[in-house]
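Taking it in order: structure first as structure tokens, then the write-up.
The values are calculated or read from the model by the stated rules, or taken from the named source; none is laboratory data. In this text the structure is predicted, and so the values were computed from the model without any measurement. Cβ placement follows ideal geometry from the backbone for every residue including glycine, while neighbour counts extend to all protein chains displayed. Note: areas computed on protein heavy atoms with side chains; ligands, DNA, RNA excluded. Shrake-Rupley method; radii C 1.70, N 1.55, O 1.52, S 1.80 Å.
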Amino acid sequence: MKKHTEQKRAGSILEVRCLRSVIPPVCIHRVAFDDGKYAVVRCVTDVCLTPGHTINRDAQGWHYDERIVQLLPFEYVGQTESDRGFAEYQ
């Protein structure tokens, strides 16, 4: 697992879209981070995060509800770009 050397990060889950047309179902999440950046993220496993909850990153990885979750690679973007990226997942 990749070790994170950046400072701690926290993000709030804004929206969730579950794509049930694929097997296994996939959940896409739009996240607003505490530094003003946004991202569209997906977990490695079929975990569906809940809007209003937060994800946090430290040296051990990403945490959600007191457990470590693995996220697929994602890009930090602005709000408009995250809106567009999230809307593309239909």
**Asked** Mind checking the dipole of the chain: about its Cα centre, +1 per Lys or Arg Cβ, -1 per Asp or Glu Cβ, Debye to the nearest 20?
**Response** 200
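So what's the net charge close to residue 26: Lys and Arg +1, Asp and Glu -1, counting the other residues with Cβ under 12 Å from its Cβ?
Numbers: positive: 17, 20, 42; negative: 46.
Its environment carries a net charge of +2.
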**Complete:** Excluding ligands, DNA and RNA, the carbon-plus-sulfur percentage of the accessible area of the chain with a 1.4 Å probe reads 50
**Complete:** With the 1.4 Å probe rolled over protein heavy atoms, the chain has an accessible area per residue in Å² of 64
**Prompt:** Dipole magnitude of segment 48-90 about its Cα centre, charges +1 at Lys/Arg Cβ and -1 at Asp/Glu Cβ only, in debye to the nearest 20?
**Reply:** 80
**Complete:** Placing +1 on each Lys and Arg Cβ and -1 on each Asp and Glu Cβ in the chain, then taking the dipole about the Cα centre, the residue among 86, 7, 45 whose Cα reaches farthest towards the positive end is 45
